[in-house]
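In what follows, a structure is listed as structure tokens, so that the remarks can point back to it.
The values are calculated or read from the model by the stated rules, or taken from the named source; none is laboratory data. No experiment lies behind these values; they were computed from the predicted model shown. Methodologically, a virtual Cβ is constructed for each residue, glycine included, from the backbone with ideal geometry; neighbour enumeration extends over all protein chains shown.
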Amino acid sequence: MNDKVKLIVNTLPLVLVPLIRERKKIKEHPDVKHVTETTVDFSHKVKDKTIETKDKVAEKTQPVKSYVVQKKRLYEYNKQMKQPFKEEQKEAKQQQKEIDHLDKKLQKNIDARNKEEEKVQKENKKARIKELTHYQNVEEQQAKKGEKLQKENEKDVTKLDKKLQSNIEAREQEEQKLEQQNKEERIKEIKKYEGHQMNTATTQSSNAKSINDVSSKQAKPNIQELVNERVRNEKEEKSSHLLFNQHKSSMSQHISQFPYDEHTTEHQKSKKRFRRNK
């Protein structure tokens, strides 16, 4: 690479120097000088003529230019003044187009919504009718069951009432009978005791007055003890009837807890009953 550079540096002056000398010789030639001077003069003249022509053309074209500029400005002004109105008209048309499109879309949605609502209303109406018929059937069945239960319960209650009443009457008769027997036995015992006391009093008449007083005092508590013992026996007999009393109280409680009001209200609410009453 360095050899090539050296070669170029050494050979380049050998080529350029003769060319430069030849150019100087050509410039110094008289014909060339004459042509050069002539060319320079002609160029100056052309330049002057061009400037004059330019000035004349400028003077003549100035009114035309100003007129064209005015017309152009007027056109631009009118265009700018009309531009907002055109844009407004264009926007109004675009808005009207969008409004029409939205109106059609809205109307379409409204129609679809109305159809859907009508469909839902019909379905709801059918479901309500079906539900009402189901409830009517259920109410009629419940009314029938209530009437049947009421009749059965009335039968059971009357049966239990009769049974309870018969048991009460039988028990009362038994108690009256026992009371009468106890009364008769007490009367017999009292009479027997009085007779015994009278016999003892006659046999012991020879005793002193003090002994008679003691015996009379002892007789009274003996009678009182007999009465007290009889009362205790009666209480014990009454205690033996606890099962009957418990049965009586349980039956009364069962009858009092029977839900007559619920069956009565169900019977009153049933539509079948209203139809019968009508």
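Some notes on this structure:
- No other residue among Lys144, Lys115 is in contact (Cβ under 8 Å) with a residue 60 or more places away in the chain, basic (Lys, Arg), surrounded by 10 or more Cβ atoms within 10 Å (Cβ to Cβ) and part of a helix (DSSP H, G or I) apart from Lys144.
- Residue check for Lys125: more than 30 Å from Ser250 (Cα to Cα) and out of contact with any helix residue (DSSP H, G or I) (no Cβ under 6 Å at 6 or more places or on another chain): yes
- Meets criteria (exposed (fewer than 10 other Cβ atoms within 10 Å of the Cβ), at pLDDT below 80 and either among the basic types (Lys, Arg) or touching a His at 6+ places or on another chain (Cβ under 6 Å) (or both)) for Lys56: no
- Yes/no for Leu149 being touching a helix residue (DSSP H, G or I) at 6+ places or on another chain (Cβ under 7 Å), among the aliphatic types (A, V, I, L, M) and part of a helix (DSSP H, G or I): yes
- All of (1) of a type outside the set (Phe, Trp, Tyr); (2) modelled with pLDDT under 85; (3) part of a helix (DSSP H, G or I) hold for Asn167 with one exception: (2).
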